[in-house]
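Comments concern the structure below.
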Amino acid sequence: MYVAVKGGEQAIARSLELLAEARRGDRAVPELELAQIREQLRLGVARVMQEGSLYDEELAALAIRQAAGDMLEAIFLLRAYRTTLPRFGYTRPLNTAAMRVRRRVSGTFKDIPGGQVLGPTYDYTQRLLEFDTVPITEVQPADAALPAHMPRVLDLLDAEALIERIDPGSDPEPMDLTREPLTFPADRATRLQNLARGDEGFLLGMAYSTQRGYAENHPFAGEIRMGEVDVVICPDELGFPIEIGSITLTECQMINQFHGGNGTPPQFTRGYGLSMGEGERKAMSMALVDRALRCDELAEASHAPAQNQEFVLSHSDSVEASGFVQHLKLPHYVDFQAELSLLRTLAAQYAADADEQPGSIAGGAQA
Amino acid sequence: MTPRYNFAFLDEDTKRMLRRALLKAVAIPGYQVPFGSREMPLPYGWGTGGIQVTAALLGPDDVLKVIDQGADDTTNAVNIRRFFSRVAGIATTEHTTDATLIQTRHRIPETSLREDQILIFQVPEPEPLRTLEPREAETRTLHALADYGLMHVKLYEDIAQYGHIATSYDYPVLVDGRFLTSPSPIPKFDNPKLDRSPALMLFGAGREKRLYAIPPYTSVESLAFDDHPFELQRWDHQCALCGSGDSYLDEVVVDDHGARMFVCSDTDYCSGRRVEAQA
Amino acid sequence: MMLAAFADPVFDSQRTFRELLQAMARPAVPRRLPVLPPSPAPVMPEAMAIVLTLCDATTTLWLQQPNAEVAEHLRFHAGLRLADQVQQADFALIDDPTSMPALEGFARGDLRYPDRSASLIVQVEGFRTDRGPRFAGPGIRHTEMLAIEGLQDGFWRQRAALSAQLPLGVDLYFVAAQHVVAMPRTTRLLEG
């Protein structure tokens with residue numbers, strides 16, 4: 001005898017218990033401390049902060065632990081918390097030219113004022129699994145301290161008027177994508193906000209496609225810099241700017257060839273990427289996709305997925321994508337029932353039509 | 001209640017934004033109002049639009065019913081109900097007649113709604129033209145021009161190919177004679193309940209960041225042709241539990257040999273009928 | 001001294017919103033506003049209840065008669081910005097409907113986004129449901145009879161002229177004597 005399925009509430013409660021147990025794992029192994037995650041999984045923390053749109057290492061570490069290391073779940077946790085936070089104000093634009101640089105490389109000039117600075121990078125690690133614990137060698141002091149101010153490589157080209165000039169003062173006040181819906185066409189500030197929150201894997205794939213002929217980017221890594229930048233606010237009641245702390249950022253400026261068009265002379269153009277913490281892959285991908293999305297403004301042929309702003313911006317967000325892909329596991333039996341009876345009608349009709357046509361192999365009457 | 005969050009989870013600024021958008025939605029029946037959808041603690045695609053609408057409406061005196069596929073006891077419905085009991089401490093019910101607010105996914109209750117009730121739909125894809133035209137910039141223009149030729153062609157092609165319209169759920173409607181609107185993926189069986197309903201109906205699409213509304217007593221016409229009128233789905237069966245012959249039925253596989261039985265999708269309606277029959 | 005606003009901001013605005021929502025869903029029917037907050041003249045408490053419920057730092061409000069006390073009150077309690085021009089206003093507060101600007105002057109939205117249109121809060125003298133013209137449209141089962149007292153001559157003619165532009169339009173909240181009547185752009189005044 002059929003009994004209507006009941007007990008959803010109990011099933012959820014049991015599932016949560018199982019989840020808690022699975023997350024904790026073997027209790028003989030000590031639980032991860034947030035400080036361990038923050039200090040030893042810092043790149044994961046950076047990604048969660050970046051795509052979670054919240055610079056808080058402690059909360060990002062908490063989210064990673066709670067999500068058992070599932071980064072997309074951790075990003076979702078952080079976003080759902082962030083959305084409830086009241087807005088006290090907006091910071092001044094971050095001045096990345098004044099970054100206290102810890103890493104800075106350029107693919108465009110052999111040497112640059114201030115020098116190439118590798119900093120902490122996986123680039124030259126040779127990727128051999130370190131089966132034995134490697135003793136930590138003390139960092140040798142540098143021969144000379146890094147210069148306090150490092151000019152941005154693109155500013156050097158700017159002096160020669162070879163790269164497009166973007167006057168920051170001329171930008172309209174950006175909209176806040178976390179408070180207002182995305183509408184099309186989206187301006188560059190809005191697109192960059194979307195890309196900044198976008199899934200690293202999605203952006204990486206999109207960026208890669210631009211290098212393989214799906215958009216004509218011709219990029220050079222003009223400069224990638226990572227380090228600390230001061231955060232400044234200017235409260236109305238004070239009337240003067242105050243520094244409230246500093247955050248780690250990775251900035252990438254791509255230089256792209258441009259033959260001129262739409263009233264713009266031949267010159268190099270820019271693609272821009274910015275990421276919280278050490279997020280070089282993300283910042284580089286973002287810069288490539290940003291440049292590809294500028295095709296309309298620069299009157300370039302637009303035929304590739306990475307140039308289609310509706311396509312890119314509507315599908316970049318991992319929280320949206322993950323939710324909707326996975327919602328398919330929710331019950332759909334009402335709609336399925338509707339489709340089932342429609343299909344039965346269609347199938348019956350098909351069989352009847354086939355019967356009427358002698359010689360039809362679908363008829364089945366001869367069988 | 002979870003004290004670290006505001007009543008009904010959302011902060012007051014967000015509720016005001018939602019409330020302004022909802023009022024515009026009611027003022028322009030069937031039109032999709034863009035809104036600053038927030039990340040909710042449930043995943044996009046799992047009812048975040050409906051949840052935000054409910055959170056913007058909810059007050060301490062409300063009695064909330066949540067259904068998924070017509071049933072109060074499906075896990076996602078239970079989870080959403082649980083969420084609001086936790087963040088708003090409000091009363092919940094499984095009885096359609098006792099509810100002031102009903103949040104639903106994929107069904108409209110069989111029991112007729114009253115003027116003092118509000119039905120809130122969870123909507124995965126608010127744009128009825130989306131599968132025919134993926135670009136939002138284009139579909140907005142088509143709505144601006146009330147140019148719904150694409151949809152008529154699609155339905156006509158169905159007729160040419162199959163002899164009738166092959167859309168069984170999320171069947172497009174024209175609201176107040178102006179905006180082509182998605183009724184959300186309800187079976188077309190439920191479409192007539194949208195027309196001139198005494199209850200206000202609100203639709204929330206969280207991931208797509210759109211809200212829309214069908215005010216009470218508003219004309220809602222399911223698209224059709226003169227020679228191919230809108231037709232309701234019918235069953236040769238009755239509900240195996242309550243005997244209803246006019247409700248929407250779920251098909252249930254009951255043994256390894258594929259034997260089937262049919263039962264009401266609306267669990268409250270079904271159990272109400274059974275209680276009545278016993279009395 | 002600054003007057004207070006809603007005593008209980010969360011629940012007072014929630015209760016007010018629910019009445020506004022029902023008012024908009026059932027046009028031309030007066031609904032009693034549950035909370036009347038203190039309000040500096042010439043703003044009626046009924047109008048202030050709507051402003052506090054719907055407006056904040058992200059919306060602009062146009063005041064028919066700019067008034068420093070009102071402006072300060074609204075800035076303090078709602079953080080909202082005043083609009084200098086009618087066409088820039090998300091909301092408009094009309095305290096003297098006999099001299100209000102033409103409805104055409106307010107934002108009516110654009111065809112792709114008709115929601116980007118003004119909402120007008122109009123302080124009137126009173127409502128009568130036992131006489132007056134009849135209204136019909138979405139939200140109204142058959143017809144509703146309603147007289148709105150204190151509007152300027154030609155108001156309804158102006159509004160009817162605007163209806164040719166549907167779905168563009170402005171939406172109205174009339175307030176008087178603890179009640180609100182909403183009139184979305186789709187509501188039609190029946191002639192005769």
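In this simple spin-label model, placing a label point 7 Å from the Cα along the Cα-to-Cβ direction at both residue B:6 and residue C:104 gives a separation of 4.0 nm.
How many nm is it between the label spots at residue A:23 and residue B:130, if each spot is 7 Å from the Cα in line with the beta carbon? Going from the residue A:23 label point to the residue B:130 one covers 3.0 nm.
Rounded to the nearest 500, what is the 222 nm mean residue ellipticity of the protein assembly as shown from helices alone, with -39500 (n - 2.57) per DSSP H run of 4+ residues and division by all residues? Walk me through the numbers before you get to the answer.
Numbers: 22 runs with 260 residues, N = 838.
Taken over the protein assembly as shown, the calculation gives -9500 deg cm²/dmol.
Note the buried accessible area between B and C here, summed over both chains, with a 1.4 Å probe, in Å² to the nearest 100. Heavy-atom accessible area buried at this interface is about 3300 Å².
By the rule of a C-alpha distance below 30 Å, with chain neighbours fewer than 8 residues away ignored, the lysines paired with residue B:188 are A:6, A:329, B:24, B:65, B:154, B:209. Placing dummy labels 7 Å off each Cα toward the beta-carbon, the span from residue A:14 to residue A:315 is 3.9 nm.
Sequence-distant contacts, meaning Cα pairs under 8 Å at least 6 residues apart, place the relative contact order of the stretch A:159-269 at 23 percent. Here the stretch C:9-185 is treated as a Stokes sphere of Kirkwood radius computed over C-alpha pairs; at 10 °C and 1.306 mPa s its diffusion coefficient rounds to 97 µm²/s. Can you tell me what share of the DSSP beta bridges in the stretch C:1-158 is antiparallel? A percent to the nearest 5 is fine. So the antiparallel bridges amount to about 45 percent of the total.
Taking both sides together, the accessible area buried where A meets B is about 4500 Å² for a 1.4 Å probe. Estimate the FRET efficiency between residue B:276 and residue A:231 by the formula 1/(1 + (r/R0)^6), using the beta-carbon distance for r and 60 Å for R0, to the nearest 0.05. Efficiency at R0 = 60 Å is approximately 0.35. In summary, the convex hull built on the alpha carbon positions of the stretch B:14-127 has an orientation-averaged projected area of 6.9 nm².
May I ask you to derive the FRET efficiency for residue A:110 and residue A:138 from their Cβ-Cβ distance with R0 = 30 Å, giving the value to the nearest 0.05?
Details: r = 31 Å, r/R0 = 1.02.
Approximately 0.45, to the nearest 0.05.
Computed over chain A, the Cα gyration tensor eigenvalues convert (square root of 5λ each) into semi-axes of 46, 32, 22 Å, ordered from largest to smallest. Pick from C:82, C:63, C:54: which is most flexible by mean-square fluctuation in a GNM of chain C where alpha carbon atoms under 10 Å apart are linked? Greatest mean-square fluctuation among the candidates belongs to C:54.
For a straight C-alpha distance cut-off of 13 angstrom, the aspartates and glutamates reachable from residue A:110 (same-chain residues fewer than eight places away being disregarded) are A:223. Kirkwood hydrodynamic radius (Cα pairs, Å) of the protein assembly as shown? It is 30.1 Å.
Of all the options C:30, C:38, C:66, the one that moves most in a Gaussian network model of chain C with Cα springs shorter than 10 angstrom is C:66. The calculated FRET efficiency for the pair residue C:116 and residue B:158, based on their C-beta separation and a Förster distance of 35 Å, comes to about 0.45. Between residue A:97 and residue A:187, full extension at 0.36 nm per residue minus the direct alpha carbon distance yields a gain of 30.0 nm. DSSP finds beta bridges in chain B, and of those with both partners inside it, around 60 percent are antiparallel. Sorted largest first, the spans of the alpha carbon positions of chain B along the three principal axes are 59, 54, 37 Å.
At q = 0.19 Å⁻¹ the log10 of I(q)/I(0) for the stretch C:111-185 amounts to -0.90, computed by Debye summation with a single uniform scatterer per C-alpha, solvent ignored.
The values are calculated or read from the model by the stated rules, or taken from the named source; none is laboratory data. Here the structure is a predicted model, which means the values were calculated and not measured. Backbone-built Cβ (ideal geometry, glycine too); neighbour counts: all protein chains shown. All accessible areas refer to the heavy atoms of the entire protein, side chains included, with ligands and DNA or RNA removed. Shrake-Rupley method; radii C 1.70, N 1.55, O 1.52, S 1.80 Å.
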